[in-house]
1. Condition first: more than 13 Å from TRP218 (Cβ to Cβ) and touching a Phe, Trp or Tyr at 6+ places or on another chain (Cβ under 6 Å). Now tell me which residues in segment 106-143 satisfy that.
2. Right, SER100: within 17 Å of the chain's Cα centre (by Cα) and outside the structural domain of LEU219 (by TED's automatic domain parsing) or not?
3. Taking ALA180 as the residue in question, decide whether it is in contact with an Asp or Glu (Cβ under 6 Å, 6 or more places away or on another chain), modelled with pLDDT of 95 or more and not polar (S, T, N, Q).
4. Counting only residues that are among the small types (Gly, Ala, Ser) and under 19 Å from the mean Cα position of the chain (by Cα), which one in segment 49-64 is nearest to LYS29 (Cα to Cα)?
5. Can you tell me which residue among VAL27, VAL73, VAL43, VAL57 is surrounded by fewer than 22 Cβ atoms within 10 Å (Cβ to Cβ) and within 19 Å of LEU111 (Cβ to Cβ)?
6. Keeping to segment 89-102, report how many residues are assigned to a helix (DSSP H, G or I) and exposed (fewer than 14 other Cβ atoms within 10 Å of the Cβ).
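The values are calculated or read from the model by the stated rules, or taken from the named source; none is laboratory data. Note that this is a predicted model, so its numbers are computed, not measured. Neighbour counts run over all protein chains shown; Cβ positions are idealised from the backbone, glycine included.
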Amino acid sequence: MRTSRNDTRSVRTGSKNSVASDTEGPVRKCILSQDRDARAHLVRLALSPDGEILPDVRAKAPGRGAWIGVSRVELEAAYAKGRLRGALARAFKTGEFTLSDELPARIAAALERNALDRLGLEAKSGTLLTGTDKIDTAARSGQLHALYHAGDAGEDGMRKLAQAWRVGTDREGSDLRGLALPLPRPILSLALGRENVVHIALTDRAAAKRVSDALDRWLHFIGPDTLTGAPQSDDLRGPSSAPCETASQGASAHRSVQDGTEASPAATTHEEFE
């Protein structure tokens, strides 16, 4: 199972078909592992009008869906062995669909885009800080709830901000520190609409959880080998906050499946597939 990102949730372990104690919201079952988890932690696959299996990471496309909670490596192995096609056929109750070998890459791209969109929304809402001096001040005053760095950030800068965070939370001597994302400065800068984004901090607990949830799902899928720093953080576990996604009302079902834009309100039932 996945590891926590900035410790917003505990590591989820347990026997097959079990549901972790910290699971929030509607539960779904991964069609490959058979493990159950909160819908927000899994990735929905949908069948487009053209009969193609495509990622629906915001779970907004209409019609029946199938859920996966495995990593990209595991998904690619399941594809190669034919297990993915069989599981999808059972989930959609039909074998009449197109399954591309580009599906894992499409899922990774959609999850990355979703995570960057979330960072961008928080930047616009004023709950996100950039800039070493601003983050250092907020950290020392105990205002930080999450800390992230660009993949090409300098070790010295990351270390100094981590120390400021530990001082501000009275955790000196601990290994509390931020997480270096597998994204360079230009990508983060573009997503946030700011120049030279090297360090990112969240000063609102709910916002930090929203960002962590989006990043966690993406990083879990692409795998731990992509990370350049191990995360630690204050405990953000608690009631989940609904994401403030920007809706693309009226978009076609095919487009909503392809690019993850919203097409209709998400259902809230506890059915295994939806």
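1. Answer for segment 106-143, where residues must be more than 13 Å from TRP218 (Cβ to Cβ) and touching a Phe, Trp or Tyr at 6+ places or on another chain (Cβ under 6 Å): just ALA139.
2. The answer is no for SER100.
3. On the way: in contact with an Asp or Glu (Cβ under 6 Å, 6 or more places away or on another chain): no; modelled with pLDDT of 95 or more: yes; not polar (S, T, N, Q): yes.
Judged against the criteria, ALA180 is not a match.
4. The selected residue is ALA59.
5. Matching residue, one of VAL27, VAL73, VAL43, VAL57: VAL73.
6. Within segment 89-102, residues that are assigned to a helix (DSSP H, G or I) and exposed (fewer than 14 other Cβ atoms within 10 Å of the Cβ) number 1.
For every residue, the table says whether it meets (1) outside the structural domain of LEU219 (by TED's automatic domain parsing); (2) small (Gly, Ala, Ser); (3) under 19 Å from ARG217 (Cβ atoms); (4) touching a Phe, Trp or Tyr at 6+ places or on another chain (Cβ under 6 Å).
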residue: ARG28; (1), (2), (3), (4): yes, no, yes, yes
residue: LEU45; (1), (2), (3), (4): yes, no, yes, no
residue: ASP50; (1), (2), (3), (4): yes, no, no, no
residue: ILE53; (1), (2), (3), (4): yes, no, yes, yes
residue: GLY69; (1), (2), (3), (4): yes, yes, yes, no
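Here's the yes/no breakdown for (1) outside the structural domain of LYS60 (by TED's automatic domain parsing); (2) at pLDDT 95 or above; (3) closer than 30 Å to ALA91 by Cβ; (4) of a type in the set (S, T, N, Q):
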| site | (1), (2), (3), (4) |
| --- | --- |
| GLY168 | yes, yes, no, no |
| GLY173 | yes, no, no, no |
| LEU190 | yes, yes, no, no |
| ALA253 | no, no, yes, no |
